[in-house]
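First the structure, in the form of C-alpha cells, and then the observations on it.
Bear in mind that the values in this text are calculations on the coordinates, not laboratory data. Everything numeric in this text was worked out from a predicted model, so none of it was measured. Reconstructed Cβ throughout: ideal geometry from the backbone, glycine too, with neighbour counts over all protein chains shown.
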Amino acid sequence: GDSVTQMEGPVTLSEEAFLTINCTYTATGYPSLFWYVQYPGEGLQLLLKATKADDKGSNKGFEATYRKETTSFHLEKGSVQVSDSAVYFCALRGSGGYNKLIFGAGTRLAVHP
Amino acid sequence: NAGVTQTPKFQVLKTGQSMTLQCAQDMNHNSMYWYRQDPGMGLRLIYYSASEGTTDKGEVPNGYNVSRLNKREFSLRLESAAPSQTSVYFCASSDTDQPQHFGDGTRLSIL
C-alpha cells in the first residue's frame, strides 16, 4: 500500500541555518503531496502542496519539489527562525478515489537563537 | 473564524469507561475525518465521512464508532476505553479533493 517515510528527528539547528527534511513515498499512480506543520499544542496546518511531478510548492520561505523519478518531496528553507520550531509531517493523497491522507511519522525541528 | 472545533481538549478515563469526542466545523465542508496521533507513527485515520449521512472505516477503526450528526458535526465514540487508546485525537474537514483543515486535538489518557 501507499506509504511515506521521513527522516527521523529531532533536527536541531541554529537560527539562519539551512534546513532540509527528507521525505520519500511509495504510491501507485500519481499522488498529491503535502507538508503539514504542527506547532506545540495545536493541530496540523497545511504548509505547502504539489499535485503533479516537477511542481514546486512554496510558502513562508519553505519549498518542496515533487520528484517522481526519485519519489521524493524534500522540505527546504534557506534560513530558519526560532519561530519555525515545530513538528513537520509529509503526507500523500493517493490518485484513486477518496481524499485520504497517508502521513509520515513527523520530524521535530528545534531552532536555537 | 473558528474552523474546526474539538471538545474536550483533555480527558482522563478509566479502563472500560465510555466517552464521546465532539467535532464541529463551520466551513461548510462535505468531508470530515478522525485521526489518532501516536509518538513515532504520524497520524492514522480512524474513520471518515465523505458526506453527510455516510461513514467509512479508515486504517485503525477497531474500538471506535462514529456519527455524522449533520453536515457540521462528526463525533467519535469509545464504547469501552482501553489503555491502548491513549492518544491525541484530531478531527479534520475538507471540501472534496481539497486539503484538510485540522482542529487543535483532544488529548486522551486511559488508566
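When residues in the range B:1-45 are screened for being polar (S, T, N, Q), in a loop (DSSP other than H, G, I, E, B) and in contact (Cβ under 8 Å) with a residue 24 or more places away in the chain, 5 of them pass.
Inclusion of residue B:70 among residues that are out of contact with any strand residue (DSSP E or B) (no Cβ under 8 Å at 6 or more places or on another chain) and farther than 19 Å from residue A:101 by Cβ is warranted. Residue A:108 passes every criterion in (1) without any contact (Cβ under 8 Å) to a residue 60 or more places away in the chain; (2) surrounded by fewer than 17 Cβ atoms within 10 Å (Cβ to Cβ) apart from (1). If you go through the range B:62-93 and pick out every residue that is over 14 Å from the mean Cα position of the chain (by Cα) and under 17 Å from residue B:52 (Cβ atoms), you end up with 2. Restricting B:102, B:74 to residues that are in contact with a Cys (Cβ under 9 Å, 6 or more places away or on another chain) and without any contact (Cβ under 8 Å) to a residue 60 or more places away in the chain narrows the list to B:74.
Among all positions in the range B:74-89, there is at least one residue which is of a type in the set (Val, Ile, Thr) and within 14 Å of another protein chain (Cβ to nearest Cβ).
Within the range A:45-70, residues that are away from chain B (no Cβ under 14 Å) and at positive phi sit with their Cβ atoms under 6 Å from residues that are in a strand (DSSP E or B) and of a type outside the set (Ser, Thr, Tyr), at 6+ positions apart or across chains, in these pairs: A:61/A:77. Is it fair to say residue B:48 is part of a strand (DSSP E or B), under 14 Å from the mean Cα position of the chain (by Cα) and more than 13 Å from residue B:6 (Cβ to Cβ)? So residue B:48 passes the test.
Considering (1) touching a strand residue (DSSP E or B) at 6+ places or on another chain (Cβ under 6 Å); (2) within 11 Å of chain B (Cβ to nearest Cβ), the lone condition that residue A:33 does not fulfil carries the number (2). Looking only at residues in the range A:71-113 that are of a type in the set (Ser, Thr, Tyr) and farther than 12 Å from residue A:22 by Cα, the one that is nearest to the other protein chains (Cβ to nearest Cβ) is A:98. Among the residues of the range B:52-97, those that are surrounded by 15 or more Cβ atoms within 10 Å (Cβ to Cβ) and not in a strand (DSSP E or B) comprise B:52, B:55, B:58, B:60, B:61, B:71, B:72, B:81, B:85, B:86. Filter the range B:101-111 down to the residues that are under 13 Å from the mean Cα position of the chain (by Cα) and in a loop (DSSP other than H, G, I, E, B), then identify the one that is surrounded by the most Cβ atoms within 10 Å (Cβ to Cβ). The residue in question is B:103. Of the residues examined, residue B:47 is one that is of a type outside the set (D, E, K, R) and touching a Pro at 6+ places or on another chain (Cβ under 7 Å). Only residues that are of a type in the set (A, V, I, L, M, F, W, C), in a loop (DSSP other than H, G, I, E, B) and surrounded by 16 or more Cβ atoms within 10 Å (Cβ to Cβ) were counted in the range A:1-23, giving 1.
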